[in-house]
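Reviewing the structure listed below.
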Amino acid sequence: MIPAGPHRSKTLKSQTAHVSTRGGGRTATAVSRGRRPLRRKPLLLISNDDGIGSRGINALAQSLKEIGEIVVVAPDRQQSAVGHAITVNTPLRASKFYRDGVFFGYAVTGTPADAVKLAVRSLLKRRPSILVSGINHGSNTAVSILYSGTVSAATEGTILGIPSVAISLATFKKPDFSFAARFAGRIVRLVLEHGLPNGVLLNVNVPPVPEEKIRGVKVTRQGEAVWDDTFDVRRDPNNKEYFWLTGNLIQADTSNDADEVAVRHRYVSITPIQFDLTAYTKMEDLRGWIEPAFATRMLDGRSGLEGGVTHCTERSREKTK
């Protein structure tokens with residue numbers, strides 16, 4: 001540390017006196033009137049996977065403006081179903097994006113996870129109070145959670161220690177985002193008030209019906225529906241063969257607490273999910289037959305792993321898979 005000389009000390013005293021004079025007047029007024037010190041507005045980071053020009057992210061941003069300061073950082077183009085991919089072999093670029101001549105946010109040449117990571121680590125001057133991803137055009141329930149760029153943006157926020165929410169409108173037709181946007185405001189206020197457990201994010205899916213037809217809100221689990229994938233075989237103008245992925249979501253899970261079922265029954269589904277994918281409830285059973293197989297030498301004379309296999313975790317088995 002460099003010791004302060006006479007000139008430096010004088011400067012510091014002058015600055016301190018100046019700040020004290022200005023701040024003192026305000027503090028005295030606040031105390032005399034019984035007011036609390038002004039709190040800084042929460043910073044809301046908004047992202048998505050449909051691209052910064054999508055209608056869903058615009059509806060979300062407009063809805064959340066009244067809650068706090070918003071910053072939009074999102075992919076510069078459609079990035080649906082890219083999952084949690086990140087860019088490591090090419091540079092990322094961020095450019096200012098305008099709507100109707102007004103600055104809206106930053107468009108990033110990368111994935112949803114890239115956009116969130118870049119925003120938090122480089123673009124923002126302070127840490128977000130919450131991250132909200134959406135509003136997605138289409139549902140993100142059951143196995144689709146794993147493919148979703150919308151959910152992955154929120155997951156990246158959770159990895160970075162930021163309370164995060166993903167919100168989707170469950171339709172692929174012409175969407176009306178108005179109710180989903182208003183509901184996003186409600187859930188954001190609740191999360192800002194109560195917080196979220198470490199490593200947990202909320203995945204919200206809103207039925208595509210008017211607000212008066214919504215039957216309620218359910219906290220749900222990830223359902224077991226899976227995609228029955230098929231590929232259309234097509235040919236381009238040069239007569240070269242290519243494939244186009246299609247398919248149908250097969251609803252194998254009919255339980256009322258499943259996310260997909262709740263949405264079909266016109267409930268807003270809120271699913272707490274985590275990026276820790278360990279199947280804790282299956283670990284003991286797997287140890288019973290995997291570890292012994294490597295604890296002794298192979299019958300053909302080749303050795304197994306020296307010293308056997310040790311348990312890799314001591315974390316509580318009470319955690320859900």
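The values are calculated or read from the model by the stated rules, or taken from the named source; none is laboratory data. Predicted, not measured: the structure shown is a model, and the values here were computed from it. Please note: Cβ atoms are built from the backbone with ideal geometry, for glycine as well, and neighbour counts cover all protein chains shown.
Here are some notes:
- When G288 is tested against the conditions (1) small (G, A, S); (2) modelled with pLDDT under 95; (3) surrounded by 10 or more Cβ atoms within 10 Å (Cβ to Cβ), the lone failure is (3).
- Any hit, region 230-252, residues being in contact with a helix residue (DSSP H, G or I) (Cβ under 9 Å, 6 or more places away or on another chain) and not hydrophobic (A, V, I, L, M, F, W, C): yes
- Tally, over region 231-258, of residues that are within 30 Å of K218 (Cβ to Cβ) and not hydroxyl-bearing (S, T, Y): 10
- One residue stands out in region 206-228 among those that are in contact with a strand residue (DSSP E or B) (Cβ under 7 Å, 6 or more places away or on another chain) and among the hydrophobic types (A, V, I, L, M, F, W, C): the one that is nearest to T254 (Cα to Cα), namely A225.
- Filter result (under 15 Å from S139 (Cα atoms) and either surrounded by 12 or more Cβ atoms within 10 Å (Cβ to Cβ) or of a type in the set (V, I, T) (or both)) within region 240-262: L249, I250, Q251, A258, D259, E260, V261, A262
- D100 of a type outside the set (K, R), without any contact (Cβ under 8 Å) to a residue 40 or more places away in the chain and within 17 Å of A153 (Cβ to Cβ): no
- Of all residues in region 44-85, those satisfying the criterion of being among the charged types (D, E, K, R) and under 18 Å from A107 (Cβ atoms) are D49, D50, R55, D76, R77.
For (1) modelled with pLDDT under 95; (2) aliphatic (A, V, I, L, M), each residue gets a yes or a no:
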residue	(1), (2)
A154	no, yes
S164	no, no
I214	no, yes
F231	yes, no
W244	yes, no
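- Odd one out for A81 among (1) surrounded by fewer than 18 Cβ atoms within 10 Å (Cβ to Cβ); (2) at pLDDT 95 or above; (3) touching a helix residue (DSSP H, G or I) at 6+ places or on another chain (Cβ under 6 Å): (2)
- Pair list, Cβ < 8 Å and 6+ apart or interchain, from region 60-83 residues that are of a type outside the set (V, I, T) to residues that are surrounded by fewer than 16 Cβ atoms within 10 Å (Cβ to Cβ) and in a loop (DSSP other than H, G, I, E, B): G68/K41; E69/K41
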